[in-house]
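Participant: My questions will all concern the structure given below.
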Amino acid sequence: MISVHAARPVRPRQGRQKHKLPLAFGDRIFEDDDHLLIPSIREVDGEERFKVVGIVEEKLFTGVFVWRGDLPRFISVRRSNKGEERTYRTAG
């Protein structure tokens, strides 16, 4: 699989240490035909962030990212929380 996420100047281990997933895993969330894109509402981030929520291997995951041109640059990739799961299930 070719990774489509934007280059990241910081160490990719940072996201993996906290959530046990490499940031490149976020690309797989976009492969869910029913994935959701949700704008972030946290103003403290200082930039416009988004969440992508989708199913990978029968489990629901969330990736937090910023757009860099046409490509997402992932900040965090993790299993979805209950609120994200509820949003995903009710959107379909």
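Derivation of every value follows stated rules applied to the coordinates shown; laboratory data play no part. Note that the structure is predicted; figures quoted are calculated from it, not measured. So basically every Cβ, Gly included, is an ideal-geometry build from the backbone, and we count neighbours across all protein chains shown.
Participant: Give the Rg/Rh ratio for region 47-92, taking Rg as the radius of gyration of the Cα atoms and Rh as the Kirkwood radius, to two decimals. Show your work: numbers first, answer last.
Facilitator: On the way: Rg = 11.2 Å, Rh = 11.2 Å.
That ratio equals 1.00.
Participant: Taking N as the number of residues in region 13-91, what is its alpha-carbon radius of gyration divided by 2.2 N^0.38 Å?
Facilitator: On the way: Rg = 11.9 Å, N = 79, 2.2 N^0.38 = 11.6 Å.
Cα-based Rg divided by the globular estimate yields 1.03.
Participant: Karplus couplings for region 65-73 from phi (6.51 cos²θ - 1.76 cosθ + 1.60, θ = phi - 60°), rounded to Hz, Gly and Pro as x?
Facilitator: With coefficients 6.51, -1.76 and 1.60, one gets 8, 10, 7, 10, x, 9, 10, x, 10 Hz.
Participant: Find the relative contact order for region 13-91 and round it to a whole percent, using C-alpha pairs within less than 8 Å whose residues are 6+ positions apart. List each step's numbers first, then the result.
Facilitator: Details: 129 pairs, mean separation 21.8, N = 79.
Averaging sequence separation for qualifying contacts and normalising by length gives 28 percent for region 13-91.
Participant: At 0.36 nm per residue, minus the direct Cα-Cα distance, what do Glu43 and Thr87 gain on full extension? Give it in nm, one decimal, please. Don't skip to the answer; put the middle values down first.
Facilitator: Numbers: separation 44, 0.36 × 44 = 15.84 nm, distance 2.08 nm.
Net length gain for the segment: 13.8 nm.
Participant: Quickly work out the Arg79-to-Asp34 label distance, labels modelled 7 Å from Cα along the C-beta direction, and quote it in nm with one decimal.
Facilitator: 2.0
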